[in-house]
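We did not get these values from a lab; they are worked out from the coordinates using the rules stated. The structure displayed is predicted, hence computed values, not measured ones. Every residue, glycine as well, gets a Cβ built from its backbone with ideal geometry; the counts of neighbours run over all protein chains shown.
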Amino acid sequence: MLRLGTDMTRKSLDTFLSLYLAPKGVKMVVLVRTDLQMGKGKVAAQVAHAAVSAVLEVMEGRREWRAWLEQWLSEGQPKVVLKVTSQSELIERCRKASSAGLPCVEIRDAGRTQVEPNTLTCVAIGPGPEELIDSITGDLKLL
């Protein structure tokens, strides 16, 4: 927990306020595992599932998440789909996002078509402040 005057400098307080309370822009990213070699339709379905699940999670989540959701909706719901090469990378990115206070939803497939049951296929991070999401996913390539 951050305590004003002890843990936060003025600069870190300004950063906290701008990132969490009044971000310049918000977005959602969906990270997709490329090692599963899912077909295009399967990837599209998994990404859609992740986006919808993230919104539902945010609606029930923390107050700042709901504020980010409202801003995201008003800005046209920007989404970016990025690729990761393994399950461990997907889990690590989600862990970092959660530690940073961002919503992160894991999508596990039912296993009726291309992958085994309970396979972790993708995660959605956000909607949340662009700067914060970019600090976790900015090095990844577009799918």
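Got a sec to turn the phi values of the stretch 48-55 into Karplus ³J(HN,Hα) couplings, 6.51 cos²θ - 1.76 cosθ + 1.60 with θ = phi - 60°, whole Hz, x for Gly and Pro?
Working through the residues one at a time gives 5, 4, 5, 5, 5, 4, 5, 4 Hz.
Lysines near K79 by alpha-carbon distance under 20 Å, same-chain residues fewer than 8 away left out - which ones?
K24, K27, K40, K42, K96, K141
What are the residues whose amide H is under 5 Å from the amide H of K79, where those residues sit 5 or more places off or on another chain and H is modelled from the backbone?
Close amide H contacts, sequence-distant or interchain: M28.
Ranked by Cβ crowding within 10 angstrom, fewest neighbours first, how are M28, M38 ordered? Don't jump to the answer; show the numbers that get you there.
Working: M28 26, M38 21.
By the 10 Å Cβ count, ascending, the order reads M38, M28.
Dividing the convex hull volume of the Cα atoms of the stretch 93-141 by its residue count, what figure in Å³ per residue is obtained? Walk me through the numbers on the way to the answer.
Details: hull volume 4.2 nm³, N = 49.
Spread over its residues, the Cα hull of the stretch 93-141 gives 85 Å³ apiece.
Starting with the fewest neighbours, write out S98, S53, S74 ranked by other beta-carbon atoms found within 10 Å of each beta-carbon.
The fewest-first ordering by Cβ neighbours comes to S74, S98, S53.
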